[in-house]
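The values are calculated or read from the model by the stated rules, or taken from the named source; none is laboratory data. Everything numeric here is computed off the predicted structure, so don't read it as measured data. When we count neighbours, we look across all protein chains shown, and the Cβ atoms used for this are built from the backbone with ideal geometry, even at glycine.
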Amino acid sequence: MIRKFRPAADESDFVNLKANPVTGFELLGLVVAAHKRGRGLGKQLVEHVIGVAGQASFRAIETAVFADNQPMLRLVIGLGFQPVRMTAHLRADGMDVVYLRRYLDMM
Ligand SMILES: CC(C)(COP(=O)(O)OP(=O)(O)OC[C@H]1O[C@@H](n2cnc3c(N)ncnc32)[C@H](O)[C@@H]1OP(=O)(O)O)[C@@H](O)C(=O)NCCC(=O)NCCS
């Protein structure tokens with residue numbers, strides 16, 4: 001099941017999540033409108049996803065972030081995600097992707 005969550009007030013911000021009993025719980029995408037970044041909205045959206053995963057009794061959340069996306073890496077690492085593996089040269093320009101996991105028993 002893939003779900004899109006948007007904060008009620010604004011159509012431009014969203015987070016996608018995928019909850020699969022076999023493959024696990026994934027945070028697939030997160031976008032905050034450019035003019036609203038840096039105010040804590042992205043953090044609130046990821047915290048929402050952590051709550052959804054915990055309520056659904058998943059043990060961990062995974063996400064994948066390109067290695068040059070410093071804002072997203074800082075955001076998720078600040079919320080307890082830890083790098084677990086990486087794939088080199090995944091993007092067409094050669095950029096690596098980092099996979100991160102956040103265990104939910106930290107809650
Ligand atoms: C990544 C993104 C969602 C962050 O959203 P945001 O609302 O600006 O983030 P927040 O204001 O909640 O910031 C939370 C933390 O993220 C980190 N962060 C956010 N923007 C940052 C930046 N420009 N540089 C460095 N760290 C940043 C900080 O650690 C910050 O915590 P702090 O303010 O206490 O230092 C936003 O930049 C975005 O939509 N980017 C384009 C889409 C994208 O790359 N999505 C991720 C794909 S995997």
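Computed quantities for the displayed model
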| read-out | value |
| --- | --- |
| Per-region count, region 1-54, residues of a type in the set (Asp, Glu), surrounded by fewer than 17 Cβ atoms within 10 Å (Cβ to Cβ) and under 15 Å from residue 76 (Cβ atoms) | 1 |
| Pairs with Cβ under 7 Å, 6+ apart, first in region 42-60 and free of Cβ contacts under 8 Å to residues at least 60 places away in the same chain, second of a type in the set (Lys, Arg) | 50/102; 60/101; 60/102 |
| Where a residue in region 68-92 is more than 13 Å from residue 27 (Cβ to Cβ) and assigned to a helix (DSSP H, G or I) and its partner, wherever it lies, is within 11 Å of the ligand (Cβ to nearest atom) and not aliphatic (A, V, I, L, M), with Cβ under 8 Å and at least six apart | 71/37; 71/42; 78/43 |
| Residues that are in contact with a Leu (Cβ under 7 Å, 6 or more places away or on another chain) and of a type outside the set (Val, Ile, Thr), drawn from region 29-46 | 30, 42, 43, 45 |
| Pairs where the first residue, in region 16-41, is of a type in the set (Lys, Arg) and the second is part of a strand (DSSP E or B), C-beta under 7 Å, 6+ apart | 18/2; 18/26; 18/28 |
| Residue that is modelled with pLDDT of 95 or more and within 12 Å of the ligand (Cβ to nearest atom), where the choices are 44, 70, 82 | 70 |
| Failed criterion for residue 52 (all others in (1) under 15 Å from the mean Cα position of the chain (by Cα); (2) not in a helix (DSSP H, G or I) hold) | (2) |
| Meets criteria (modelled with pLDDT of 95 or more, more than 12 Å from the ligand (Cβ to nearest atom) and either in contact with a Pro (Cβ under 7 Å, 6 or more places away or on another chain) or part of a loop (DSSP other than H, G, I, E, B) (or both)) for residue 9 | no |
| Among (1) in contact with a strand residue (DSSP E or B) (Cβ under 8 Å, 6 or more places away or on another chain); (2) surrounded by 15 or more Cβ atoms within 10 Å (Cβ to Cβ), the one test that residue 95 misses | (2) |
| Qualifying positions in region 13-41 - within 7 Å of the ligand (Cβ to nearest atom), of a type in the set (Gly, Ala, Ser) and farther than 16 Å from residue 64 by Cβ | 38, 40 |
